[in-house]
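*Asks:* Encoded as structure tokens, here's the structure I'll be asking about.
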Amino acid sequence: MKVRVPATTANLGPGFDVFGAALSLYNEFEVEYVPKVKKTHFTLKGFGKKSLPKGEKNLFWQSMQKIFNVLGEDKYNLKNLNIIINTGIPLSGGMGSSASAIVGGVVLANALCKNKLDKTQITNLAVKIEGHPDNIIPAIYGGICICSKNGNHVTVAQLPVPKLKIVLCVPDFELRTKLSRQILPKYVDFKDFVFNTSRVAFLTAAFCSSDFSLLKIGMQDKVHQPYRGKMIPLMDEVLEAALLSGAHGACLSGSGPTLAAFCSAKDAVNVQRNMIKKWKRNSVRANAYILNFDAKGAVII
Ligand code: HSE
């Protein structure tokens with residue numbers, strides 16, 4: 001059995017821990033049940049080929065085990081599975097690679113157990129493993145999602161999926177989400193709270209009305225990007241380069257260091273080129289992907 005899980009970009013600027021979107025870049029997780037095999041065999045391909053752990057520390061495997069435990073299923077364990085993980089999502093941060101492993105594990109384990117859990121139960125369990133919902137939800141539902149976590153229960157709403165391209169610009173250094181969350185302040189200034197509330201309203205209006213000119217203001221943020229920008233050289237300059245090249249809006253992707261720009265198809269190559277150029281001129285090497293929104297979320301293939 002095999003599951004395909006999309007990359008995700010979280011926050012979309014001001015919607016910290018609330019907004020997320022699924023993108024057309026994928027990880028694939030495949031599992032074969034081999035009753036006679038004595039030790040599970042991991043095959044890793046793609047970006048995680050050398051760095052992902054094989055065995056009990058593997059997040060995909062851990063997530064599967066959580067579901068087997070919840071369902072009281074003891075047939076599958078580390079002794080009798082063949083696991084193949086093909087990572088098409090870069091690991092440097094901001095593209096939901098951990099969320100994809102969790103969603104892959106939860107969805108696949110549930111499918112192996114004849115889908116005993118429904119979508120809401122899977123969603124709540126996956127968010128519990130990750131801690132915050134904004135990568136997990138779009139990885140499961142696809143499209144652009146709004147989510148809120150109340151205790152162990154998550155509420156989800158989906159926005160219309162626009163025909164925009166997303167340029168993801170990925171610098172060649174890593175920033176772990178844990179560190180990128182630790183540096184955030186404990187309290188938010190009231191003026192910044194009002195600023196972000198207005199931007200989130202414009203962000204929602206832009207996608208609901210397809211008036212993408214609203215994304216320029218709707219992707220501004222004062223709650224997390226200014227702090228994270230201190231660890232991402234030239235973040236503001238590269239975002240500005242995207243806007244000057246025709247992007248409707250641009251922001252830090254999740255907790256970074258990846259940056260995301262949202263633009264029409266005709267401007268995508270120009271946006272991609274100029275974001276890379278801006279970083280390169282300052283000695284930061286970067287790759288950029290031109291992607292679509294993924295409307296399906298995780299699917300068994
Ligand atoms: N909302 C989370 C954060 C996403 O910004 O820390 C992490 O990918």
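The values are calculated or read from the model by the stated rules, or taken from the named source; none is laboratory data. Everything numeric in this text was worked out from a predicted model, so none of it was measured. Methodologically, a virtual Cβ is constructed for each residue, glycine included, from the backbone with ideal geometry; neighbour enumeration extends over all protein chains shown. These accessible areas exclude ligands, DNA and RNA; they are computed on the full protein's heavy atoms, side chains included. Shrake-Rupley method; radii C 1.70, N 1.55, O 1.52, S 1.80 Å.
*Asks:* Collect the residues in the range 261-283 that are open to solvent by less than 30 Å² (accessible area, probe 1.4 Å) and either out of contact with any Gly (no Cβ under 8 Å at 6 or more places or on another chain) or at pLDDT below 95 (or both), keeping them in residue-number order.
*Replies:* Ala268, Met275, Trp279
*Asks:* Mind checking whether some residue in the range 110-133 is outside any helix (DSSP H, G or I), touching a residue at least 40 places away in the same chain (Cβ under 8 Å) and open to solvent by 80 Å² or more (accessible area, probe 1.4 Å)? Quick ask: steps written out before the conclusion?
*Replies:* As a first pass, look at the range 110-133 and keep what is outside any helix (DSSP H, G or I): 113-118, 131-133.
Filter once more, keeping what is touching a residue at least 40 places away in the same chain (Cβ under 8 Å): 113, 116-117, 132-133.
Still in the list and also open to solvent by 80 Å² or more (accessible area, probe 1.4 Å): 116.
Yes.
*Asks:* Within the range 131-147, which residues are hydrophobic (A, V, I, L, M, F, W, C) and more than 22 Å from Ala205 (Cα to Cα)? Give the derivation first.
*Replies:* Of the residues in the range 131-147, the ones hydrophobic (A, V, I, L, M, F, W, C) are 136-137, 139-140, 144-147.
If the condition is that a residue be hydrophobic (A, V, I, L, M, F, W, C) and more than 22 Å from Ala205 (Cα to Cα), then Ile136, Ala139, Ile140 are the ones that fit.
*Asks:* Consider only pairs whose beta carbons are under 9 Å apart and that are at least six residues apart or on different chains; among these, list those whose first residue lies in the range 181-208 and is within 22 Å of Cys145 (Cα to Cα) and whose second residue is at pLDDT below 95 and open to solvent by less than 80 Å² (accessible area, probe 1.4 Å).
*Replies:* Going by the 9 Å Cβ cut-off, the qualifying pairs are Arg181/His132.
*Asks:* Moving on. Any idea how many residues of the range 38-67 are open to solvent by less than 30 Å² (accessible area, probe 1.4 Å) and among the small types (Gly, Ala, Ser)?
*Replies:* Residues flagged as open to solvent by less than 30 Å² (accessible area, probe 1.4 Å) and among the small types (Gly, Ala, Ser) within the range 38-67 amount to 3.
*Asks:* Just give me the residues in the range 220-258 being among the polar types (S, T, N, Q) and either away from the ligand (no atom under 16 Å from the Cβ) or assigned to a loop (DSSP other than H, G, I, E, B) (or both), in sequence order. Give the steps one after another, and end with the answer.
*Replies:* Quick first cut of the range 220-258, residues among the polar types (S, T, N, Q) only: 220, 225, 245, 253, 255, 258.
Of everything in the range 220-258, those that are among the polar types (S, T, N, Q) and either away from the ligand (no atom under 16 Å from the Cβ) or assigned to a loop (DSSP other than H, G, I, E, B) (or both) turn out to be Gln220, Ser245, Ser253, Ser255, Thr258.
*Asks:* Same structure again: For the range 15-37, give me each residue that is within 16 Å of the ligand (Cβ to nearest atom) and open to solvent by 10 Å² or more (accessible area, probe 1.4 Å).
*Replies:* The initial filter retains those residues of the range 15-37 that are within 16 Å of the ligand (Cβ to nearest atom), namely 15-23, 25, 27.
Hits for the range 15-37 are Phe16, Asp17, Val18, Leu25.
*Asks:* Let me ask you something else. Filter the range 143-158 for residues that are farther than 20 Å from Pro14 by Cα and touching a residue at least 24 places away in the same chain (Cβ under 8 Å); which is most open to solvent (accessible area, probe 1.4 Å)?
*Replies:* Looking at residues that are farther than 20 Å from Pro14 by Cα and touching a residue at least 24 places away in the same chain (Cβ under 8 Å), I get Asn152.
*Asks:* Take the range 173-195 and flag every residue that is more than 12 Å from Val223 (Cβ to Cβ) and either open to solvent by less than 80 Å² (accessible area, probe 1.4 Å) or small (Gly, Ala, Ser) (or both).
*Replies:* Phe173, Leu175, Thr177, Leu179, Ser180, Ile183, listed by residue number.
*Asks:* Looking only at residues in the range 68-103 that are closer than 30 Å to Met235 by Cβ and not small (Gly, Ala, Ser), which one is surrounded by the fewest Cβ atoms within 10 Å (Cβ to Cβ)? Step through it out loud before you land on a result.
*Replies:* Step one: of the range 68-103, the residues closer than 30 Å to Met235 by Cβ are 87-103.
Filter once more, so that each one left must be not small (Gly, Ala, Ser): 87, 89-91, 95, 102-103.
Working: Thr87: 21, Ile89: 25, Pro90: 21, Leu91: 15, Met95: 29, Ile102: 27, Val103: 33.
Only one residue fits best here, namely Leu91.
*Asks:* Please enumerate the residues belonging to the range 134-173 that are in a helix (DSSP H, G or I) and of a type outside the set (Val, Ile, Thr). First the steps, then the outcome.
*Replies:* First, pick out the residues of the range 134-173 that are in a helix (DSSP H, G or I): 136-141.
Answer for the range 134-173, where residues must be in a helix (DSSP H, G or I) and of a type outside the set (Val, Ile, Thr): Pro138, Ala139, Tyr141.
*Asks:* Quick one: how many residues across the range 213-242 are more than 22 Å from the chain's Cα centre (by Cα) and within 24 Å of Leu159 (Cβ to Cβ)?
*Replies:* Here the count works out to 3.
*Asks:* Here is a follow-up. If we scan the range 69-78, do we find a residue that is at pLDDT below 95, away from the ligand (no atom under 16 Å from the Cβ), in contact with a strand residue (DSSP E or B) (Cβ under 9 Å, 6 or more places away or on another chain) and not aromatic (Phe, Trp, Tyr)? Break it down stepwise before answering.
*Replies:* Initial filter on the range 69-78 (at pLDDT below 95): 69-78.
With away from the ligand (no atom under 16 Å from the Cβ) added as a condition, the list becomes 69-78.
Retained after the next criterion (residues that are in contact with a strand residue (DSSP E or B) (Cβ under 9 Å, 6 or more places away or on another chain)): 75-76.
If we keep only those that are not aromatic (Phe, Trp, Tyr) too, we end up with 75.
Yes; the residues of the range 69-78 include at least one that is at pLDDT below 95, away from the ligand (no atom under 16 Å from the Cβ), in contact with a strand residue (DSSP E or B) (Cβ under 9 Å, 6 or more places away or on another chain) and not aromatic (Phe, Trp, Tyr).
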